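Have a look at the structure below before the remarks.
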Amino acid sequence: MLFFPFFEEKLDLNALRELCFSGIPFEGGIRALCWKVLLNYLPLDQTMWDSFLKKQREGYSQFLKEMIIQPGIAKANLGLSREDVTMEDHPLNPNPESKWNNYFRDNEVLLQIDKDVRRLYPDMAFFQWPTDYPCQLILDPQNDYETLRCRVEQTTLKAQTVDRNRSGVTNVSSPGKSLNLYPSNEYEVLPNGCEAHWEVVERILFIYAKLNPGIAYVQGMNEVVGPLYYTFATDPNDKWREHAEADTFFCFTNLMSENRDMFIKSLDDSQCGITYKMESVYSMLKEKDMELYIKLQEQNIKPQYFTFRWLTLLLSQEFLLPDVIRIWDTLFSDQDRFNFLILVCCAMLVLIRDQLLAGDFTINMRLLQDYPISDVHTILAKAKELQDGS
């Protein structure tokens, strides 16, 4: 059965937002479809979907061809041998434009991505399962493209050389997650022709980093792309699930276009940066609950001690994945989604005000680092109350 707004060829975005704000049903792939509209991926005119999706997915395949290819491997259809290519470009070539030079730089980014995606939602088996739709372009032995998994295994670079973390981001993982690089042999080796869901996420992040060199990859992006990919890759509709990788890439890109400034250290103190956003949580708390605001100030509990993770990762580390997805239904539905995120963060503080007012610095920091309320519906309802000025 179609969700009400999809009865019409031309979608009413305001009506869709209003319906989705209170939660989107999973049945029939409705949530995945709504997210694609709310994240400005699918056009409002449904008659354009087929041609639009064909163009986008072909574009993503082209990205794979251009960016996940080992420099130095000749393309068979050009009739070049490896020796021919190596004569003009080789691993010791000092030219900054050398493909090999780029390859080695990319490896540093790839190693950080690989390290992070392997520990994505470790309490869930999903990301270790094989996808039903492995990328044939990458896995087909007739092609000259290597998997990123092979590239990581073959590289001689060490994880310790990776220094792409921005200040504070190294602490975004929840306490239960290991911070060690998992050796590949800790995972079941999938048969040839198969790839795990985490490998698909790795590819999405690598392509994003290549296309956005100004930000590339920053630790924590894996936690933002994870719920998107999970939602699209579990779509009950085969024709959508088959293209989960490409659709996730474009939705993630659109989401990051709104959120990316919080990942760029040089913008921290600007109005679009993370420092301003963190202080906005306390500014709103001061307006809504002065007593609690004063208490946190007196204890010198600064917003960056806990809101950094809440804001940059869109609360994806504070709750179980189904609850994160439910929160995102509401965030994506709000026209000013990141202002509503600040309201949600403020609501989270107000809901535990009695505990915070009674606690000392140590107890309160523990509460904020490991948030005690698991009922996200209560949190969202409180955020809506704050928004309405109740």
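The values are calculated or read from the model by the stated rules, or taken from the named source; none is laboratory data. Since the model is a prediction, treat every value here as computed from it, not as a measurement. Ideal geometry is used to build each Cβ from the backbone, glycine not excepted, and the neighbour counts take in all protein chains shown. What goes into the accessible areas is simple: the full protein's heavy atoms, side chains included, and nothing from ligands, DNA or RNA. Shrake-Rupley method; radii C 1.70, N 1.55, O 1.52, S 1.80 Å.
Would you be able to say whether some residue in the range 306-324 is outside any helix (DSSP H, G or I) and touching a Leu at 6+ places or on another chain (Cβ under 6 Å)? So far as the range 306-324 goes, yes, one or more of its residues are outside any helix (DSSP H, G or I) and touching a Leu at 6+ places or on another chain (Cβ under 6 Å). Filtering the range 44-59 for residues that are at pLDDT 90 or above and not in a helix (DSSP H, G or I) leaves a non-empty set. Residues in the range 368-390 include at least one that is of a type in the set (D, E), open to solvent by 40 Å² or more (accessible area, probe 1.4 Å) and not in a helix (DSSP H, G or I). Could you check the range 285-301 and list, in sequence order, the residues that are more than 25 Å from G389 (Cα to Cα) and either within 31 Å of the chain's Cα centre (by Cα) or open to solvent by less than 30 Å² (accessible area, probe 1.4 Å) (or both)? Correct list: I301 only.
Going through the range 325-351 one residue at a time, which ones are touching a Gly at 6+ places or on another chain (Cβ under 9 Å) and part of a loop (DSSP other than H, G, I, E, B)? Listed by number, the list is empty, since nothing qualifies.
Considering only residues that are among the polar types (S, T, N, Q) and either over 15 Å from the mean Cα position of the chain (by Cα) or closer than 23 Å to L19 by Cα (or both), which ones fall in the range 306-342?
Those that are among the polar types (S, T, N, Q) and either over 15 Å from the mean Cα position of the chain (by Cα) or closer than 23 Å to L19 by Cα (or both): T307, S316, T330, S333, Q335, N339.
Take E318 and tell me if it is touching a residue at least 12 places away in the same chain (Cβ under 8 Å) and of a type outside the set (A, V, I, L, M).
yes
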